[in-house]
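The values are calculated or read from the model by the stated rules, or taken from the named source; none is laboratory data. These numbers come from a predicted model, not from an experiment. Using ideal geometry, Cβ is built from the backbone for each residue, glycine included, and neighbour counts are taken over all protein chains shown.
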Amino acid sequence: MKVLHIPTQPFPDQRPGTSGLRKKVRVFQQTPYLHNFIQAICNALPGHEGQTLVLGGDGRYFNREAVQIILKMAAANGWGRVIVGRGGLFSTPAVSTVIRARHAFGGIILSASHNPGGPEHDFGVKYNIGNGGPAPESVTEAIWAASKVLSAYQILDAADIDIDHEGETPLGAMTVEVSNPVSEYAALMERLFDFNALARLLQGPFRMRFDALHAITGPYAHEIFEKRLGAPMGTVVNGTPLPDFGGGHPDPNLVYAKALADELFSADAPDFGAASDGDGDRNMILGKGFFVTPSDSLAVLAAQATCIPAYGGGLQGIARSMPTSQAADVVAKALGIPCFETPTGWKFFGNLLDAGRITLCGEESFGTGSNHIREKDGLWAVLAWLSIIAHHGQGVAEIVRAHWARYGRHYYTRHDYEELSAEVGAQMMHALAAQLPILAGQTLAGRTVDSADDFAYTDPVDGSQSLHQGLRLRFSDGSRLIFRLSGTGTEGATLRIYHEHYEADPARQQQDPQRPLRDLIALGRGLTRMEALTGRKAPTVIT
Ligand code: VG1
Ligand code: CO
């Protein structure tokens, strides 16, 4: 088999965002768009020759074609072995698990996560490093730099490989190992959690519903909940991954996982409901008639972690992304452990986890995880919640209300304005940044502004700096108002406005969050001049 060196020209737009490179499917389908990016990854990774790469995706449209291209390019670029999930499938947490278990050099995940799939929608490529986590900025910037100076890509002139049967096949000098995408991950979950206790819960009167939204977690959830833990068949719904996710957004929130939310808020609701996203790293947790905000979820998991075998010895520390509510900080303080505040994106947790400075971490965007891998992990979060429920014999609502009564409640809501024009998005952030210096000390939304700044982060482990990670207003009563532009969209700009207000008094902890936050919401719209500049009277999505 011959290695072809095909001349190419750089594309100017291959800079990875918050979580890999995301574009419309039709962009990735244009040869050599994907080829260039894969070549840039290989060129940016000295020492990969002879090493192992893990490869798989969430099954979205173009997943299978991309796998074939990447296998042939990996062979031509000197990788020693590629472990590919059967059918080209792997969830993001499973890739992280396998990279670590098999001491791989890195991994490529084919996913645009919670973005919709299908010929008219989104595709994405993420590169993960040898610790199993998303490439840090030093690596993503090196990939981008490599993409800008490409003159050729290398690909093996070979027929497509059978990726639907487990086993090993040579491809040039490389070995392709097709492996079961679920087994290594399910085995890890069995080591972390008390599966006997969970099986007793799920085989009793307790009723659970897991909605895989036709995305990657279906096969994992069937195996873990129904097969290994013996939950009744039908516990997992929409469990077959489809290339277009059945036409939906595989985004686990009250808007896009509406059928699940409706069921949990119905008269005959199950005790527990959960959903995950396209690539399996996000989670939404629901109780009977009760929604747990992701920020609260992190705080509850932190407060209760010691009832899970893997965390019985206590936590080293906690980290949360900057826009995530400060509920976890209050728990960390009570436990006497550090709480770190990082920029948005899981890549910023990697160093803290590797250095043993944190055990749990999370984001307001439905992401929670621990030091068991280096990605957020949807099913892990579900198993963690079930463990807490089994331990206390209490429902979700009781557990969260008791948490608020003890630590206070952080009312929280995020408003997204999607598909603004890129110019308007940039202009809003620019104008707001210019106002920051005069905002401190003013009284706004009935609160005094303590500080107003553009969040910059210095990694406490390697000293690397990340600037412009969001504009934030902090008020003297602990409230916060935060603005940032999304780094995962594929169309125009998405502005996210995050609102947070602390309520210590249990008598005032039972309101709809939009109420106590209404002044902050109005302030956010006013400061961005949202209606004047865009005519938008309401956000696209509220979570
Ligand atoms: C969003 C979330 C962020 C998350 C990222 C990737 O990024 O806000 O918290 O880490 O998606 O999640 P942004 O830049 O659009 O706000 V996933 O599940 O897409 O890998
Ligand atoms: Co995801």
Report, by residue number, each residue of segment 195-225 that is of a type in the set (Asp, Glu) and either part of a helix (DSSP H, G or I) or surrounded by fewer than 20 Cβ atoms within 10 Å (Cβ to Cβ) (or both).
223
Is it true that residue 249 is part of a helix (DSSP H, G or I) and either more than 16 Å from ligand 2 (Cβ to nearest atom) or of a type outside the set (Val, Ile, Thr) (or both)?
no
Out of the strands (runs of 3 or more DSSP E) lying entirely within segment 87-180, which hold 1 or more residues that are more than 30 Å from residue 242 (Cβ to Cβ)?
152-157, 167-171, 174-179
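Among the residues of segment 450-502 satisfying the criterion of being of a type in the set (A, V, I, L, M, F, W, C) and more than 17 Å from residue 323 (Cα to Cα), which is nearest to ligand 1 (Cβ to nearest atom)?
Within segment 450-502, the first condition is being of a type in the set (A, V, I, L, M, F, W, C), and the residues that meet it are 452, 455-456, 461, 467, 471, 473, 475, 481-483, 485, 493, 495, 497.
Next, only the ones that are more than 17 Å from residue 323 (Cα to Cα) stay: 461, 493.
Details: 461: 19, 493: 10 Å.
Selected residue: 493.
Residues checked against (1) surrounded by fewer than 24 Cβ atoms within 10 Å (Cβ to Cβ); (2) under 28 Å from residue 221 (Cβ atoms):
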| position | (1), (2) |
| --- | --- |
| 320 | no, yes |
| 363 | no, yes |
| 388 | yes, yes |
| 403 | yes, yes |
| 410 | no, no |
Out of all the residues in segment 354-370, is one or more part of a strand (DSSP E or B) and away from ligand 2 (no atom under 16 Å from the Cβ)?
yes
Report the residue count in segment 267-311 for those that are at negative phi, away from ligand 2 (no atom under 16 Å from the Cβ) and in a loop (DSSP other than H, G, I, E, B).
8
As an exercise: evaluate residue 8 against (1) out of contact with any Pro (no Cβ under 7 Å at 6 or more places or on another chain); (2) closer than 13 Å to residue 148 by Cα; (3) more than 16 Å from ligand 1 (Cβ to nearest atom) and give the number of the one condition it does not meet.
(1)
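Within segment 84-94, is there a residue that is without any contact (Cβ under 8 Å) to a residue 60 or more places away in the chain and not assigned by TED's automatic domain parsing to the domain that holds residue 380?
No, segment 84-94 contains no residue that is without any contact (Cβ under 8 Å) to a residue 60 or more places away in the chain and not assigned by TED's automatic domain parsing to the domain that holds residue 380.
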Given 128, 115, which one is in contact with a Pro (Cβ under 7 Å, 6 or more places away or on another chain) and within 16 Å of ligand 2 (Cβ to nearest atom)?
128
Looking across segment 69-86 at residues that are out of contact with any Asp or Glu (no Cβ under 6 Å at 6 or more places or on another chain) and part of a loop (DSSP other than H, G, I, E, B), the single one that is farthest from residue 173 (Cα to Cα) is 77
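Okay, residues lined up against (1) among the polar types (S, T, N, Q); (2) in contact with a helix residue (DSSP H, G or I) (Cβ under 6 Å, 6 or more places away or on another chain); (3) at pLDDT below 95; (4) assigned to a strand (DSSP E or B):
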position	(1), (2), (3), (4)
3	no, yes, no, yes
10	no, yes, no, no
47	no, no, no, no
50	no, no, no, no
54	no, yes, no, yes
67	no, no, no, no
Specify which of the listed residues (34, 21) is assigned to a strand (DSSP E or B), surrounded by 16 or more Cβ atoms within 10 Å (Cβ to Cβ) and in contact with a strand residue (DSSP E or B) (Cβ under 9 Å, 6 or more places away or on another chain).
21
Before we move on, is residue 185 closer than 22 Å to residue 369 by Cα, among the hydroxyl-bearing types (Ser, Thr, Tyr) and away from ligand 1 (no atom under 16 Å from the Cβ)?
yes
